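Report on the structure given below.
The values are calculated or read from the model by the stated rules, or taken from the named source; none is laboratory data. The shown structure was predicted, so the numbers you read here are calculated from the model rather than taken from an experiment. Neighbour counts run over all protein chains shown; Cβ positions are idealised from the backbone, glycine included.
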């Protein structure tokens, strides 16, 4: 068992394929050879036996004519020809008196033969011991069932055995030639098939090894394996890749958690710096207004400073609200709803701003299914996108809302025809505190991102030749009652 296991591991699939085919060919060849040789030998013996009987019948026919005509010269001539040709080794013919009338030995003519006499006594019953035992053939000589005599034909069984061996050897040589042809064809075919089967395995092993090295460059290559079986190499490479991938994912998770902590701390620091900056500017303005208020000589002048304080206080309040909305996204209440209803509500709320800015709203494809979303949070997200579009189109324009179904989702595209967003800063639009506006806090689009993701949706900035093009993706309602 251990020997077989070691052979299995230390032999390539191509080599094992060739070995297994050779073994299979040998087993089939031996089995077929045994069957063929046994059948061939049996057929040769049967053919030889039939040949002997045909000679005996031919001589019996000639002997019947000779016994009737008492012309034994032709019969003797036939016996000499048969013996000289090697077809028989001896022959005797007796008449009804049990006297030998013809024989390959002239000295026996006129004598008797006990075996033939006994055979003739039993009315010429045909019998013959199997040829492999070297038996003679005894046959009655008769015409129309009238018994005239009997004959005995003897054969040279040593010569007959050599003849059988020659024919048998010829059959064996043919089998060997056939075995050689099958061996070469089978070996070549096994090598080609094994190579075709192992090539994808080897390629896959190399790809796994390459991927494994990308994760852990210090790992060894496939050449370091202690066995040559390609399937075992693939199994080992895959197992090692899975283990290294688990380690990599574990380390990546740890690094991601640390990075998330650092990102959170950085965001808090950036938010604190932004708050401090905006608050300090407003406080400078308020302090200046208070100082001016203390020095005011008239009521109207004092009111101007009070208005400054009110404006700065309002700006600080709005800024605080933006930070609070971004920092504390409410828990969504997911219900079936139509996105177009939410868009229509936003358009109604912003109708004064749209009218003042000379902006129209165009909707395409309203007949889409309901989606699972929080209408309140969705309204806030869409309102932020509408407000950005209004601020971008200072000379007026059109906000186009396109609804489309993509698999199990409804995609809502909101596009304006303003100046658009430069391609080089596309990846920054959803980052907190990034803004291209002079007085912007940089929390509008990040807030949109948080609101949509909180509803198990997606939001993305798509490429557009004109204006900015945002796509919101939300799942379609699957229940029948929606």
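Observations
- Selected residue (only one of 40, 56 is over 30 Å from residue 182 (Cα atoms) and part of a helix (DSSP H, G or I)): 56
- With respect to (1) out of contact with any helix residue (DSSP H, G or I) (no Cβ under 9 Å at 6 or more places or on another chain); (2) at pLDDT 85 or above, the lone exception for residue 85 is condition (2).
- Some residue of segment 100-111 being assigned by TED's automatic domain parsing to the domain that holds residue 155, buried (at least 20 other Cβ atoms within 10 Å of the Cβ), within 29 Å of residue 45 (Cα to Cα) and at pLDDT 85 or above: yes
- Residue within segment 314-327 that is in contact with a strand residue (DSSP E or B) (Cβ under 7 Å, 6 or more places away or on another chain) and modelled with pLDDT of 75 or more present: no
- Members of segment 360-415 found to be at positive phi and in a strand (DSSP E or B), listed by number: 397
- Top-ranked residue in segment 70-99 [being in a loop (DSSP other than H, G, I, E, B) and in contact with a strand residue (DSSP E or B) (Cβ under 9 Å, 6 or more places away or on another chain); ranked as surrounded by the most Cβ atoms within 10 Å (Cβ to Cβ)]: 88
- Out of 429, 448, 459, 453, sole residue that is at pLDDT 60 or above and surrounded by fewer than 19 Cβ atoms within 10 Å (Cβ to Cβ): 453
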